[in-house]
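Right, one structure below, let's go through it.
The values are calculated or read from the model by the stated rules, or taken from the named source; none is laboratory data. Worth saying up front: this structure is predicted, and the values here are computed from it rather than measured. Don't worry about glycine lacking a Cβ; one is built from the backbone with ideal geometry, like all the others, and counts go over all protein chains shown. We work out accessible area using only protein heavy atoms, side chains counted, and drop any ligands, DNA or RNA first. Shrake-Rupley method; radii C 1.70, N 1.55, O 1.52, S 1.80 Å.
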Amino acid sequence: MTRLIEILISLAIVAALFLIVGIALPSSRHLEHSVETNRKLTIVFDSLNSLKRFKDWNPLVLRDPRIQLKLSGPESGVGARLDYDSQEKGLRQGSWEITASEPGKRVAYALTDIEPGRNKRTEFTLKPTGRGGRNVEITQTYDVDYGWNLIGRYAGLYVSSNVGEDMKLGLSRLSNMLAAVPNYDYAELSKDDPAKAPKIVERPAENLLVVTAAVERTNDKVMGQINSNMEWIKKVMAANGLEPAGPVRIVTNEFGSEMYSFDVAQPVKKTGAADGAQKLDIKVEGPVQAVFVEPARVAMVPGFKGHMANLPKVRDALRGWALTHGYETVDRPYEAWTGGIPAGFTEEGTYDVFWAVK
């Protein structure tokens, strides 16, 4: 009997200590970690203001490569949501949802998971730093409330080693992901006209007449080669009863320091036809090839104006926009020279720039 009383007293003391320590522990926890990147502020903000690239930087996918992710709501901004479902006991089900978004400044998320606590939230704040503000400091905070949940308060003792380590790993992976994005501020493309912002469009099936060339990277050589290739294309068009189905395109193969390899591609259709979506039987000659391309989704910069020498930067900016918004570019970029060939070698050239995406 005495032994039983001693055990009960010991348990009571343990329970009392549990209550006293639990009450003394913080009812909430706050964590903060930072990383710096040299990517443009636009790229950093857009990457965090959408959940399309969540799997490329968030550590959850490392803890369970088979985790199921489901996006819902708008593509970006407040309301964009990601739900996850895992068979791992430490993960199970949870979600991330954007609750606040200030362009170029911060993105806040509400979190749900199986860990103790409520009102879980994380926020990424962005601050230009370095010489001339060329870099961006990304600071992530994490907050959780436990209230009078004493089990939760004890769990809070391990937040720094659990959630904190995930934050460090996530920021490191985020920095590495951003480093793979071409560092061009694509927002500059539409600063004077929102209609010129990059976008995704559906490209229909097309018939193309194509001639490949490689010349010295001088205006005279490139323009001369384009005009020469166009003469061959016009000859084939006339022989087959064809007409242009859109502006001539230049498809970049290799843009070297001294040489420029490219294709001149002319979309064509039967004279008088509504479109060129049906594959045509075209008799070609000389260096001309007939190519039928299937429908595809493409990233596009509409209505860029300037000298053709500026196009490599526009192509990189377009690819940067695509990657930031969760699209993988494929094949080769190209431009439709909407203002014609001669104008393209002046500041009055106009183009629609394209890059196919998965």
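One line per residue, one yes/no per condition, for (1) modelled with pLDDT of 95 or more; (2) assigned to a loop (DSSP other than H, G, I, E, B); (3) open to solvent by less than 60 Å² (accessible area, probe 1.4 Å); (4) among the hydroxyl-bearing types (Ser, Thr, Tyr):
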| site | (1), (2), (3), (4) |
| --- | --- |
| Ala290 | yes, no, yes, no |
| Val298 | yes, no, yes, no |
| Val301 | yes, no, yes, no |
| Phe304 | yes, no, yes, no |
| Val314 | yes, no, yes, no |
| Arg319 | yes, no, no, no |
| Asp331 | no, yes, no, no |
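Failed condition for Gln68, given (1) open to solvent by less than 70 Å² (accessible area, probe 1.4 Å); (2) touching an Asp or Glu at 6+ places or on another chain (Cβ under 9 Å), with all others met?
(1)
Of all residues in the range 223-258 being without any contact (Cβ under 8 Å) to a residue 40 or more places away in the chain and part of a helix (DSSP H, G or I), which is nearest to Val284 (Cα to Cα)?
Filtering first and then ranking leaves Met237.
Going by the structure shown, is Val284 at pLDDT 95 or above and not in a loop (DSSP other than H, G, I, E, B)?
The answer is no for Val284.
Return the residues of the range 101-125 that are assigned to a strand (DSSP E or B) and open to solvent by 20 Å² or more (accessible area, probe 1.4 Å); say none if nothing qualifies.
Selection gives Ser101, Glu102, Arg106, Ala110, Leu111, Thr112, Arg118, Asn119, Arg121, Glu123, Thr125.
Output the number of residues of the range 262-276 satisfying the condition of being in contact (Cβ under 8 Å) with a residue 40 or more places away in the chain and either surrounded by 15 or more Cβ atoms within 10 Å (Cβ to Cβ) or within 26 Å of the chain's Cα centre (by Cα) (or both).
Residues flagged as in contact (Cβ under 8 Å) with a residue 40 or more places away in the chain and either surrounded by 15 or more Cβ atoms within 10 Å (Cβ to Cβ) or within 26 Å of the chain's Cα centre (by Cα) (or both) within the range 262-276 amount to 9.
From the residues in the range 164-186 that are out of contact with any helix residue (DSSP H, G or I) (no Cβ under 7 Å at 6 or more places or on another chain) and of a type in the set (D, E, K, R), which one is surrounded by the most Cβ atoms within 10 Å (Cβ to Cβ)?
Asp166
Leu189 is checked against (1) open to solvent by less than 30 Å² (accessible area, probe 1.4 Å); (2) in contact with a strand residue (DSSP E or B) (Cβ under 8 Å, 6 or more places away or on another chain) and fails just one. What number does that condition carry?
Against the list (1) open to solvent by less than 30 Å² (accessible area, probe 1.4 Å); (2) in contact with a strand residue (DSSP E or B) (Cβ under 8 Å, 6 or more places away or on another chain), Leu189 comes up short only on (1).
Out of the residues in the range 346-358 that are more than 17 Å from Asp263 (Cα to Cα) and out of contact with any Ser or Thr (no Cβ under 7 Å at 6 or more places or on another chain), which is most open to solvent (accessible area, probe 1.4 Å)?
Lys358
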